[in-house]
1. Per the Cauchy relation, a quarter of the hull surface: what is the mean projected area of the convex hull of the alpha carbons in the chain, in nm²?
2. What is the chain's relative contact order, in percent, from Cα pairs under 8 angstrom and six or more apart in sequence?
3. Against the globular-protein guess of 2.2 N^0.38 Å, express the Cα radius of gyration of segment 101-238 as a ratio, rounded to two decimals.
4. Just to be sure I understand: with springs between alpha-carbon atoms less than 10 Å apart, which residue in Pro28, Pro188, Pro255 has the highest mean-square fluctuation in the Gaussian network model of the chain?
5. If you take every DSSP beta bridge fully contained in segment 101-221, what fraction is antiparallel? Give it as a percent rounded to 5.
6. By count of other Cβ within 10 Å, fewest leading, how are Glu305, Glu238, Glu291 ordered?
7. Which of these, Ala57, Ala190, Ala34, has the largest mean-square fluctuation under a Gaussian network model of the chain (Cα springs below 10 Å)?
8. If the elastic network links every pair of Cα atoms under 10 Å, which of Asp259, Asp103, Asp86 fluctuates the most in the Gaussian network model of the chain?
Amino acid sequence: MQRTRPKPDGNASVTVVIPCYNYARYLPQALQSALSQAGVITNVVIVDDASSDDSLAVARSLATSDARIAVLAHERNMGPVQTFNDGLAQAQGEFLVRLDADDLLTPGSLARSVAVMRQNANVGLVYGHPLHFSGEALPVPRLTATHSTIRPGHQWLADRCRFGFNVITSPEVMMRKSVVDRVGGQQPLAHTHDMEMWLRVAAFSDVAYIHGADQAWHREHSASLSARKVDVYRDLVERRAAFEVLFAGIAGKIPQAADLRFSAMMAIATDAIELASRQYDHPRADIEMVEKYCEVARATVPAVEDVPGWNGLKKRMAMGSRIASRHPLFFFERAVRGLRGAVRRRRWHRTGEI
């Protein structure tokens, strides 16, 4: 692990790809947050995915007044992966950012990321802390980076496999375009295409985290894809799919791929068993969901009996939820689980990892 203090660099070119589907009301603000970035040369590719609102008209109107904006339009809806990949094909910058049309970059975000990239030629991905918000008021961001932490990509990837969770929201990421050209664009995953791409980049380059500054604003609202279509079960299944796709592709050729894949699959199965056990925190467990989680675990690892937490789940199932929900041992386990979750959240806010 290496710590550096980022320094500005005003000559770097950054392409910001903005996929847009029915976000006409948010698009101007997202675009302005990219074009107003100081200390870098920025161009933007907006890709409208056959929106049914005024998104395309808004994008074209904005492009008429700024030569840095290019607009692509799908004749039919192609989904977020193809939309980003079409924008990626037009990217000319040394560095690349994917910015959803409902998110924003904080002032100085691109310059802070570029400074890290320019000082560390092996870094292919840099990210920082995102501010999540809802409504119209933007949280006040921290704008001064104190230092950055550089980690070998294989170590960062190993930690992601060990825990099985995505630690990146999305708009806070910058990628080196040459590395993306090597590993390719997003893969056709429903909800974890970003996650899989971050992991794939890390398989072939180092990863940096910027401390002290907030790199982006991520908007949370009921119309977002994740809010509409991703619940806890779907998230679990989609995370498993991300690791399966990752190791079925070029990342499956790295020397430690087999061990990393095993680690990731065990992490997903462990999470599935824990989610099943959580059903017994309540006097009336959802037995259908218990079985669905167990089926995920069985389908993910060769022997579900080897998954941590399996014996505890079997005890809960034998007791029944009315007894298990009041059992002192399981009450203690819930307390430990809650403490562990709080520690992980605190660490994520501080270091970008769990």
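Values in this text are rule-based calculations from the coordinates and carry no lab data. In this text, all values refer to a predicted model and were calculated from it rather than measured experimentally. For neighbour counting, all protein chains shown are included, and Cβ atoms are generated from backbone atoms with ideal geometry for every residue, glycine included.
1. Working: hull surface 73.3 nm².
Approximately 18.3 nm², given one-decimal rounding.
2. 17
3. On the way: Rg = 15.1 Å, N = 138, 2.2 N^0.38 = 14.3 Å.
Cα-based Rg divided by the globular estimate yields 1.06.
4. Fluctuation is largest for Pro255.
5. 50
6. Glu305, Glu291, Glu238
7. Comparing Ala57, Ala190, Ala34 in the GNM, the peak value goes to Ala57.
8. Asp259
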